[in-house]
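Engineer: Mind having a look at this structure? Questions to follow.
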Amino acid sequence: MSTEATHEGHPGEDGPGDGDELAFFVNDERIVVYASKLTLHEILDDAGFDVATHVLVKRAMDGSETVYSNPDEELRLEAYARFHTRPRVYHITINGRARTTELNPLSYDDVVKLSELPPLTDGMEYLVTFSDAVKPTDDDLIEGESVEIKDGTYFVVTPSNRS
Amino acid sequence: MGHTSLSRRVIDRSPDLAQLREDGYEIQVHPANYVVVRNVPYVNAEGAVVYGELFVPISEIGDNGIGRPPNHQAYFRGTFPHKRAGVPLSVIGVNQPGAHNLADGIQAQFYFSYKSDKIRTDGRYADFHAHVTEYVEIMWRYARRVDNTATPLTGRVNDYDEEPSVFAYRDTASTRAEIVPITAKLEGHTVAIVGLGGTGSYILDFLAKVPLKEIRLFDGDRFSQHNAFRAPGAATKSDVFAQPPIAKVEYLKRIYSELHLNISTYPQYVTEIVPDLASADFIFLCIDEPAAKKPIIAGLIQLEKPFIDVGMGIIADEGALGGSLRTTISAPRHRTHRYAIPTADVKDDYKTNIQIVELNALNAALAVVRWKKHLGFYRYHKLEFSSKYTIDLDRVDNADYDET
């Protein structure tokens, strides 16, 4: 399935000639445009997503990601570039309380900070356990580890010092 | 060894057993709580007279002798009794085919179910005299036809010489469940519990039922009103409001020495390794203050001692409680853990000082189960050295396994 969108090109820019057809992918759906630069807002519109609730992510061959979250930011488009959308905030639960975060994946330190427990100092330990994450779905974290989350991921963060 | 035999005293105080001995049956009371009858003549499959042994479990045994047999059944060590060559004595009935491990080194091949006309309406024989004589007679009568001199009445007296029990009354639960040789794996150890708060006191509750050589309790605290809500059983008002307050370890020893006779108390805060802690075989650390643990842990590691450290963290939020219970097993080959032992307390602790009794009990139970795996009492697929239970998720997670 493809959508076609027409955008007037900017005179004198590099890259594929403005006004030439350019195809790229958002969430594996092919989008055809007639420009080589579009704003985040325009791209998400074309793909059918609300810029208020979504960001765009470009994954490179080496696995690194670039996240575009500024609606007015202009993205240079290459032919057959692949983008994915992602929710602008994630709705998760920590110790029974609803929280939101833009970060994904979340590291052990991120989760501890979000829990609003007293910051860890030398000799203190917190257990961080989760369910309903992306991969793995159910596990735990120690310092240095991270987990990819989604809406609904549930965390339990506690000390373990009482007998 | 060489004390007045407990078994001999039980026989002397039980009229039915005393009568059996007077009749000439070769009976003994085995320390694993069986009446043993040796030299029982029976006919084997080939038609020859051979001799076997009967074991009848005892479920009530104390200073006044033994109670009635718990059921109509009996274990037998030998081959299957026959009427004559090739004709099995089927009336004797067989339950649960297969060998039964009755005690260390004693295995019975059969578990018989024989109800003679002497059986009472409650399905049991009147006493051990009726029970033993009926079982012996049903086999002996056929042995007499082959050899009329065959007899179980040897008149031999040979009582077990046993160590004094660590229990005030005998563990007939293990006998009843046929797990005496498995329970025996727990014998002879000295275990220390440091910290007798909610979790430590439940660990004591469980260990008092184990045939440990000695249980040592270390805690400098007094027993007070709020402790009563996290201790096993129900404290009396006079204990709760005692003036001066009772030491926690003395309060608990008083209760549990009704069952386990070798509980020692150390009403002191442990700040370093003391000799009676160093000489324990295994230590449970149930200390409420992480900072106090540091020197103890360092000392136990230096002495190459195995120990289990427990700790919970309960958070109240959105009107409900959630959190985690940690059980960390530290042994010479596992001294660092994924779920690490804290050695410093949480600042601003007002929100995280919650403990609830069933969570103390659960943490204690998980710790004792893990200790028993260490001794081979419980089976394990993989042996973990870190474990935690998360209340919100109803999930146990394990880590730090032995390399296979």
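Engineer: Each residue of the range B:301-312 in order: what ³J(HN,Hα) in whole Hz does its phi give by Karplus 6.51 cos²θ - 1.76 cosθ + 1.60, θ = phi - 60°, with x for Gly and Pro?
Structural biologist: 5, 4, 7, 6, 8, x, 8, 10, 10, 10, x, 10
Engineer: What angle, in degrees between 0 and 90 and rounded to the nearest 10, separates the Cα long axis of helix B:198-207 from the longest principal axis of the Cα atoms of chain B?
Structural biologist: It is inclined by approximately 20 degrees.
Engineer: Another question about this same structure. Rounded to the nearest whole Å², what accessible area per residue is found for chain B with the 1.4 Å probe?
Structural biologist: Value returned for chain B: 46 Å² of accessible area per residue.
Engineer: Pick from B:T149, B:T390, B:T133 the residue whose mean-square fluctuation is largest in a GNM of chain B, springs joining Cα atoms under 10 Å.
Structural biologist: Of the options given, B:T149 has the highest mean-square fluctuation.
Engineer: From the helices alone, meaning DSSP H stretches of at least four residues, give me the mean residue ellipticity at 222 nm for the protein assembly as shown, per-run term -39500 (n - 2.57), in deg cm²/dmol to the nearest 500.
Structural biologist: Only helices count here, giving -6000 deg cm²/dmol.
Engineer: For a 27 Å ceiling on Cα separation, which of these pairs sit above it: B:K237/B:K293; B:K253/B:K382; B:K83/B:K118; B:K293/B:K372; B:K213/B:K372?
Structural biologist: Too far apart for the 27 Å limit: B:K237/B:K293; B:K253/B:K382.
Engineer: A further question on this structure: Leaving out ligands, DNA and RNA, and with a 1.4 Å probe, what % of the accessible surface on the protein assembly as shown is carbon or sulfur?
Structural biologist: About 49 percent, which is the carbon plus sulfur part of the accessible surface.
Engineer: On to the next question. Going toward the positive end of the dipole of the range B:150-307, with +1 on Lys and Arg Cβ and -1 on Asp and Glu Cβ, which of B:L217, B:I287, B:F307 do you reach last?
Structural biologist: The listed residue farthest towards the positive side: B:I287.
Engineer: Amide H neighbours of B:M312 under 5 Å, counting only residues 5+ apart in sequence or on other chains, H built in-plane at 1.01 Å?
Structural biologist: Sorted by chain and number, the residues that satisfy this are A:N161, A:R162, A:S163, B:R326.
Engineer: Given a 1.4 Å probe and no ligands, DNA or RNA in the count, how much accessible surface is buried by A and B, both sides, to the nearest 100 Å²?
Structural biologist: Summing both sides, the interface buries roughly 2900 Å².
Engineer: So what is the accessible area of the range A:90-161 per residue, in Å², with the probe set to 1.4 Å?
Structural biologist: Numbers: 3240 Å² over 72 residues.
For the range A:90-161, the solvent-accessible area averages 45 Å² per residue.
Engineer: Can you give me the C-alpha center-to-center distance between the range B:365-404 and the range B:227-265, rounded to a whole angstrom?
Structural biologist: Cα centroid of the range B:365-404 versus Cα centroid of the range B:227-265: 30 Å apart.
Engineer: When only DSSP loop residues count, what GluC sites (Glu not before Pro) in the range B:167-242 have their Cβ near at most 15 other Cβ atoms within 10 Å?
Structural biologist: B:E187
Engineer: What are the residues whose amide H is under 5 Å from the amide H of A:N95, where those residues sit 5 or more places off or on another chain and H is modelled from the backbone?
Structural biologist: For A:N95, whose amide H was placed from the backbone, the distant partners under 5 Å are A:F155, A:V156, A:V157.
Engineer: First select every other residue whose beta carbon is under 12 angstrom from the beta carbon of B:T133; then total the charges, Lys and Arg +1, Asp and Glu -1. Before the final figure, lay out the partial values.
Structural biologist: On the way: positive: B:K118, B:R141; negative: B:D16, B:D23, B:D127, B:E134, B:E137.
For residues surrounding B:T133, the net value is -3.
Engineer: Return the whole-Å distance between the Cα centroid of the range B:1-68 and the Cα centroid of the range A:119-163.
Structural biologist: 60
Engineer: Suppose a student asked you for the relative contact order of the range B:364-404, using Cα pairs under 8 Å spaced at least 6 residues apart; what percent would you report?
Structural biologist: Computed over the range B:364-404, the figure is 30 percent.
Engineer: From Cα pairs below 8 angstrom and at least 6 apart in sequence, can you work out the relative contact order of chain B, rounded to a whole percent?
Structural biologist: 13
Engineer: What GluC sites (Glu not before Pro) in the range B:260-359 are in a loop by DSSP, with at most 15 other Cβ atoms within 10 Å of the Cβ?
Structural biologist: Answer by residue number: B:E272, B:E304, B:E318.
Engineer: With +1 assigned to the C-beta of every Lys and Arg and -1 to the C-beta of every Asp and Glu, and no other charges, what is the dipole magnitude of chain B about the Cα centre in debye, to the nearest 20?
Structural biologist: With only Lys, Arg, Asp and Glu charged at Cβ, the dipole is about 800 debye.
Engineer: Suppose we compare each residue of the range A:128-145 in its chain alone and in the full protein complex with a 1.4 Å probe; which ones drop by at least 30 Å² of accessible area?
Structural biologist: Hits at the 30 Å² cut-off: A:T129, A:D140, A:I142.
The values are calculated or read from the model by the stated rules, or taken from the named source; none is laboratory data. Just so it is clear, the model here is predicted, and its values are computed rather than measured. Cβ atoms come from the backbone with ideal geometry, glycine included; neighbour counts cover every protein chain shown. Just the protein is used for accessible areas: all its heavy atoms, side chains included, with ligands, DNA and RNA removed. Shrake-Rupley method; radii C 1.70, N 1.55, O 1.52, S 1.80 Å.
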